[in-house]
Amino acid sequence: MWFLLASDTEAMIPRTIIEPFRIHSVEPLRMTSEAERREAIAAAGYNLFSLRSEVVLIDLLTDSGTGAMSSEQWAGIQRGDEAYAGSPSWYRFEAAVQELFPLPHVIPTHQGRAAEKILMTAIGGPGKVVPNNTHFDTTRANVEATGAEALDLVIPEGLDPALEHPFKGNMDLARLERFLRERREDVPAVFVTITNNSGGGQPVSLENLRGVRELCDRYTVPLFLDACRFAENAWFIRERERGQAEREVADIVRDIAALADGMTMSAKKDGLANIGGWLALRDDELAASCRNLLILTEGFPTYGGLAGRDLDAIAQGLKEVVQHDYLRYRIRSTGYLGEGLLRSGVPVVKPIGGHAVYLDARSLLPHVPPLQYPGHALAVALYEAGGIRSCEIGTVMFGRQPDGSERPAALDLVRLAVPRRTYTQSHIDYVIEVCAEVAKRSSELRGYRIVHEPLALRHFTARFEPLSG
Ligand code: F0G
């Protein structure tokens, strides 16, 4: 007998975690030579955002809107109903959002920053201060655009790239309390970003969120989530927080949601869609004023800035993103990249984040001072060597101050963001190989200077020049 009956043996528990899908349509990659890439990046003013994506081999610029949709999501695209008002796609979208985040007002937007812009226009303004564990760049820009101040209060462990801590995205509760005690009148909302993207894709614990909620109650300040990667954060809670290991991720998400008065969301991340977002709120009056702003720039409240088909793709994405097989694969595949890099001696932020691996450029390039942008130098080198597009998260992104001066960011990182369900293990093995090669000759890399920059969000359009030896 060549098969075994189940009762004859223990069930086999495989050690290999595989992609819980197979490939349904493929998109060819164009191979380029190093000479071609050097020419392309020079012509782009050494700004990776200015490259044509055809000359990029493995695009790890962002995990935002770059994932592969499932066959059910594509079916949803067909099902999409384009009625201007009250489309069935809208009701499916609203129900899917409220299944996880039972907030009474859901306001669809074309992406996360549109939700931020609307909310900050309603609650921001000169003299106000918005605390957050760490503001993402668009969130910071939207706070500052109203004349308000964006204050980052992540725990000190969150700023030390080499330190292991299960929840490095946590808010520093003592500093938040001190701040609220002094400035409560100036704080329109406290934000928590899950996972903490600018701090290394690190999660926030349920316990910490409860602590923030308590302080918000004590000082009567609303608590908002920047929830772009809520499912990844909930998976980390399940894996790392006491008492959570047996729970459904969807239930953990609902626990998180119950703590919040509102949320901004980019469906381009854990909505598993290529576009979309929303603002959700508890407060009726605030929701009414946000809907008025929505109509000015995004659209009617049952579609926001989206087509009906997009609403359906997101509704289905929200069902898939909390599935355990998906999240196990997702977090493991990011971990695989990070562990491969560590084994090759490349310094990365530890522990490995959910959606990305962050290379510690300041420690890999100690000879390049922060104001010569070590993260940028490393990112350009990865592109030239292997066609890998990454993103500097450091002094280029955060160094320019509102008063026009410049100072080093807290960290100089290079983010390798992993698009969802898009690349296979061999692509990732290639990335590890290229990074290891570049790291070996990192002492040869030189810094950059900025020759042109806009007033805000300079990393998108600045032009650079390499500094000579
Ligand atoms: N908040 C966080 C934490 C984000 O990571 C992003 C986007 C946004 C808000 C804004 O959402 O792009 O839909 O307008 N992050 C992308 C990234 C761009 O590459 O990390 P959006």
- Query: Which of the residues spanning segment 71-126 are assigned to a loop (DSSP other than H, G, I, E, B) and among the hydrophobic types (A, V, I, L, M, F, W, C)?
  - Reply: A83, A85, F101, L103
- Message: Can you tell me which condition L371 does not meet? The list is (1) of a type outside the set (G, A, S); (2) away from the ligand (no atom under 16 Å from the Cβ); (3) assigned to a loop (DSSP other than H, G, I, E, B), and all the others hold.
- Response: (3)
- Message: Just to be sure I understand, how many residues within segment 153-162 are open to solvent by less than 60 Å² (accessible area, probe 1.4 Å) and either touching a residue at least 60 places away in the same chain (Cβ under 8 Å) or not assigned by TED's automatic domain parsing to the domain that holds K128 (or both)?
- Response: 1
- Is segment 106-128 home to any residue that is in contact with a Lys or Arg (Cβ under 9 Å, 6 or more places away or on another chain) and away from the ligand (no atom under 16 Å from the Cβ)? no
- Query: With respect to D403, is the statement that it is farther than 26 Å from A43 by Cα and either free of Cβ contacts under 8 Å to residues at least 12 places away in the same chain or assigned to a strand (DSSP E or B) (or both) true?
  - Reply: yes
- Which residue out of E149, E182, E207, E177 is open to solvent by less than 60 Å² (accessible area, probe 1.4 Å) and among the charged types (D, E, K, R)? E177
- Item | In segment 374-400, the residues that are open to solvent by less than 10 Å² (accessible area, probe 1.4 Å), in a strand (DSSP E or B) and over 12 Å from L416 (Cβ atoms) | none
- Task: Determine which member of the set A439, A456, A409 is among the small types (G, A, S) and modelled with pLDDT of 95 or more.
- Result: A439
- Message: Please pick out the residue among R362, R309, R291, R330 that is under 26 Å from H427 (Cβ atoms) and assigned to a helix (DSSP H, G or I).
- Response: R330
- Message: For the structure I just gave you, tell me whether P419 is open to solvent by less than 50 Å² (accessible area, probe 1.4 Å) and in contact with a Leu (Cβ under 7 Å, 6 or more places away or on another chain).
- Response: no
- Of the residues in segment 358-411, how many are among the acidic types (D, E), more than 22 Å from E437 (Cα to Cα) and out of contact with any strand residue (DSSP E or B) (no Cβ under 6 Å at 6 or more places or on another chain)? 1
- Query: Can you tell me which residue in segment 1-31 is modelled with the lowest pLDDT, limited to those that are within 30 Å of S70 (Cβ to Cβ) and of a type in the set (S, T, N, Q)?
  - Reply: T16
- Query: Of the residues that sit in segment 222-268 and are among the charged types (D, E, K, R) and part of a helix (DSSP H, G or I), which one is nearest to the chain's Cα centre (by Cα)?
  - Reply: E232
- With respect to G299, is the statement that it is open to solvent by less than 30 Å² (accessible area, probe 1.4 Å), on the phi > 0 side of the Ramachandran plot and in a loop (DSSP other than H, G, I, E, B) true? yes
- Task: Those residues that are in contact with a Gly (Cβ under 7 Å, 6 or more places away or on another chain) and either closer than 19 Å to Y219 by Cα or within 16 Å of the ligand (Cβ to nearest atom) (or both), I need them from segment 147-169; list them, please.
- Result: V154, G158, K168, G169
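Matching residues to (1) of a type in the set (V, I, T); (2) within 16 Å of the ligand (Cβ to nearest atom); (3) over 30 Å from R330 (Cβ atoms):
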| position | (1), (2), (3) |
| --- | --- |
| R183 | no, no, yes |
| D186 | no, no, yes |
| V190 | yes, yes, no |
| T195 | yes, yes, no |
| R210 | no, no, no |
| V249 | yes, no, no |
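The values are calculated or read from the model by the stated rules, or taken from the named source; none is laboratory data. Remember, it's a predicted structure, so these values are computed and weren't measured experimentally. Backbone-built Cβ (ideal geometry, glycine too); neighbour counts: all protein chains shown. The accessibility values were calculated without ligands, DNA or RNA, using every heavy atom of the protein model including side chains. Shrake-Rupley method; radii C 1.70, N 1.55, O 1.52, S 1.80 Å.
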